[in-house]
Amino acid sequence: MEICIVHGSPRKKNTYAAVQEVKKSLLCLGEVQFTEFYLQEEQVEFCRGCFSCILGREKKCPHAETVQPIIEALLRADGVIFATPVYVLDMTAQMKAFFDHTGYFFMVHRPYPAFFQKPAWIISTAAGGGTKDTNRSVARILRYWGISRIFCTGISIYAMGWDEIPAERKQKLERQLQKTAGKFYRTLQKKPGASLRTRILFAAMKRIQRKDSVDWCYWKEQGWLDGKKPF
């Protein structure tokens, strides 16, 4: 089983520590391989708004060399994890810069069928508040990718760092991560079906396809305009 982890920060501090607990829990449940990307190290640049990807030329994106390998790894994986600290009540700029390169496979355009049966887990950490808003922002994007089963974990540290968390509270956080890891692993094994929200969104996006556009041709090629479903 392969899991792709995308890190929104290169700092190996609180979010990194939480991910290590997750990896340890998943490895206790079965044979799991991890592919990891640290977006700043991958040097994912800000989208230039050239519209190459929207027009069906995603491989011509000026940043395709750095962005496409991450997307391909996400497509290959059985499940995906997005981990980000909270910066000013939302995800990091590095993570947002990556997501800005994925608009072309939002459901309104040319969604990848692989994402319809793939679970995701969003992990965010903050010194205080903001994890709920951050998780909501990431989850909204993933739903437009077609991902239905999304787990969210927000951890407010209330300390200078992971190692400074009081022992009793740290144990509680670790148990929380272990519990969600169990749910995530079981979902990986089952391959989740599309939720009602996803089905409604898919139906709505199908109705607005404009004939002979790049997106319409893609939907036609997939058979979705003729009644075939991706889930």
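The values are calculated or read from the model by the stated rules, or taken from the named source; none is laboratory data. Source: prediction; values computed, not measured. All Cβ positions, glycine included, derive from the backbone under ideal geometry; neighbour counts span all protein chains shown. Heads up: the accessible areas ignore ligands, DNA and RNA and are worked out on the full protein's heavy atoms, side chains in. Shrake-Rupley method; radii C 1.70, N 1.55, O 1.52, S 1.80 Å.
Residues that are of a type in the set (D, E, K, R) and modelled with pLDDT of 95 or more within the range 184-196 comprise just one, R186. Of all residues in the range 168-185, at least one satisfies being among the polar types (S, T, N, Q) and exposed (fewer than 12 other Cβ atoms within 10 Å of the Cβ). Sub-8 Å Cβ pairs linking a first residue in the range 203-217 that is farther than 15 Å from K229 by Cβ and without any contact (Cβ under 8 Å) to a residue 60 or more places away in the chain to a second residue that is open to solvent by 60 Å² or more (accessible area, probe 1.4 Å) and part of a loop (DSSP other than H, G, I, E, B), at least 6 apart or interchain, are W216/R210, ordered by first then second residue. Which one is most open to solvent (accessible area, probe 1.4 Å) among residues in the range 84-117 that are closer than 27 Å to I200 by Cα, touching a Pro at 6+ places or on another chain (Cβ under 8 Å) and at pLDDT 95 or above? Applying the filter and picking the extreme gives P113.
Listed here are the residues, each with its yes/no results for (1) closer than 26 Å to R76 by Cα; (2) modelled with pLDDT of 95 or more; (3) not in a helix (DSSP H, G or I).
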position: T125; (1), (2), (3): no, yes, yes
position: C152; (1), (2), (3): yes, yes, yes
position: M160; (1), (2), (3): no, no, yes
position: Q171; (1), (2), (3): no, no, no
position: G182; (1), (2), (3): yes, yes, no
position: T198; (1), (2), (3): yes, yes, no
position: F202; (1), (2), (3): yes, yes, no
position: D212; (1), (2), (3): no, no, yes
position: K220; (1), (2), (3): yes, yes, no
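Scan the range 25-48 for residues that are within 27 Å of M160 (Cβ to Cβ), surrounded by fewer than 18 Cβ atoms within 10 Å (Cβ to Cβ) and either in contact with an Asp or Glu (Cβ under 9 Å, 6 or more places away or on another chain) or in contact (Cβ under 8 Å) with a residue 40 or more places away in the chain (or both) and the total you get is 1.
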